[in-house]
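Right, one structure below, let's go through it.
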Amino acid sequence: MSEGHPWDGLTPDRVHIWNTLGYRLADASEGTVALEWDAPLEYTFPTGDRLIVHGGMVATLLDTAMGHVCVAVLGWSSPFLTANLQVEYYRAATPGTLRAEAEVVNQSRRVVFCAARLYDEAGKLLASARCTQILRGEA
């Protein structure tokens, strides 16, 4: 697995979700990665007496983590597309550091199945996700 993430080197003026949202690679080992994101107030909405992070932002972080672990296993020369994404929300995410941990569950010649879990700063499980990545052949 390669060290770091090629998106880390993008200049701040380059439009890219990695830069736009401020994701960072927190940890990587064989077949797993962890991304962190400091969820700001701008991506929340009020509910009752607190602010919660929009569920679409949670799904985006989980999807990005699973895409990153897929790249870590396949390499940058193997293009793929997310064919299916399923997210289950257990608790509301609030502003602060969110950590998405992703792994490759199974891989075949044409498909990669990934799973991810999202935790808050206290280590509470907030959400989980699964996705199916379809490997693209030569166009």
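The values are calculated or read from the model by the stated rules, or taken from the named source; none is laboratory data. What you see is a predicted model; the values in this text were computed from it and never measured. Note that we place each Cβ from the backbone using ideal geometry, even for glycine, and neighbour counts take in every protein chain shown.
Do any residues in the stretch 40-65 that are touching a residue at least 12 places away in the same chain (Cβ under 8 Å) and under 13 Å from Leu85 (Cβ atoms) have Cβ atoms under 8 Å from those of residues that are part of a strand (DSSP E or B) and among the acidic types (Asp, Glu), where the two are at least six apart or on different chains, and which pairs are they?
So the pair list comes out as Ala65/Glu101.
Among the residues of the stretch 123-139, count how many are under 17 Å from Tyr89 (Cα atoms), of a type in the set (Gly, Ala, Ser) and part of a loop (DSSP other than H, G, I, E, B). Even if it seems obvious, please write down each step before you answer.
Step one: list which residues in the stretch 123-139 are under 17 Å from Tyr89 (Cα atoms), which gives 123-131.
Narrowing further to those that are of a type in the set (Gly, Ala, Ser): 123, 127-129.
Restricting the remaining residues to those that are part of a loop (DSSP other than H, G, I, E, B) gives 123.
Final tally of qualifying residues: 1.
Is at least one residue of the stretch 71-78 over 21 Å from Leu21 (Cβ atoms), out of contact with any Cys (no Cβ under 8 Å at 6 or more places or on another chain), aliphatic (A, V, I, L, M) and not in a strand (DSSP E or B)? Even if it seems obvious, please write down each step before you answer.
Pass one, the stretch 71-78, residues over 21 Å from Leu21 (Cβ atoms): 73-75, 77-78.
Filter once more, keeping what is out of contact with any Cys (no Cβ under 8 Å at 6 or more places or on another chain): 73-75, 77-78.
Remaining after also requiring aliphatic (A, V, I, L, M): 73-74.
Subset that is not in a strand (DSSP E or B): 73-74.
Yes - at least one qualifying residue is present in the stretch 71-78.
Within the stretch 75-114, track down each residue that is aliphatic (A, V, I, L, M), surrounded by fewer than 19 Cβ atoms within 10 Å (Cβ to Cβ) and either under 12 Å from Thr32 (Cα atoms) or without any contact (Cβ under 8 Å) to a residue 40 or more places away in the chain (or both).
Once the filter is applied, which keeps residues that are aliphatic (A, V, I, L, M), surrounded by fewer than 19 Cβ atoms within 10 Å (Cβ to Cβ) and either under 12 Å from Thr32 (Cα atoms) or without any contact (Cβ under 8 Å) to a residue 40 or more places away in the chain (or both), the stretch 75-114 yields Val105, Val111.
Can you tell me which residue is modelled with the lowest pLDDT among those in the stretch 18-57 that are surrounded by fewer than 13 Cβ atoms within 10 Å (Cβ to Cβ) and in a helix (DSSP H, G or I)?
Thr20
Just checking, which of Asn84, Asn106 is over 25 Å from Gly48 (Cα atoms), in a strand (DSSP E or B) and over 17 Å from the mean Cα position of the chain (by Cα)?
Values: Asn84 fails: over 17 Å from the mean Cα position of the chain (by Cα).
Answer to the check: Asn106.
Is at least one residue of the stretch 74-90 of a type in the set (Phe, Trp, Tyr), modelled with pLDDT under 95 and either out of contact with any Pro (no Cβ under 8 Å at 6 or more places or on another chain) or on the phi > 0 side of the Ramachandran plot (or both)?
Scanning the stretch 74-90, I find at least one residue that is of a type in the set (Phe, Trp, Tyr), modelled with pLDDT under 95 and either out of contact with any Pro (no Cβ under 8 Å at 6 or more places or on another chain) or on the phi > 0 side of the Ramachandran plot (or both), so the answer is yes.
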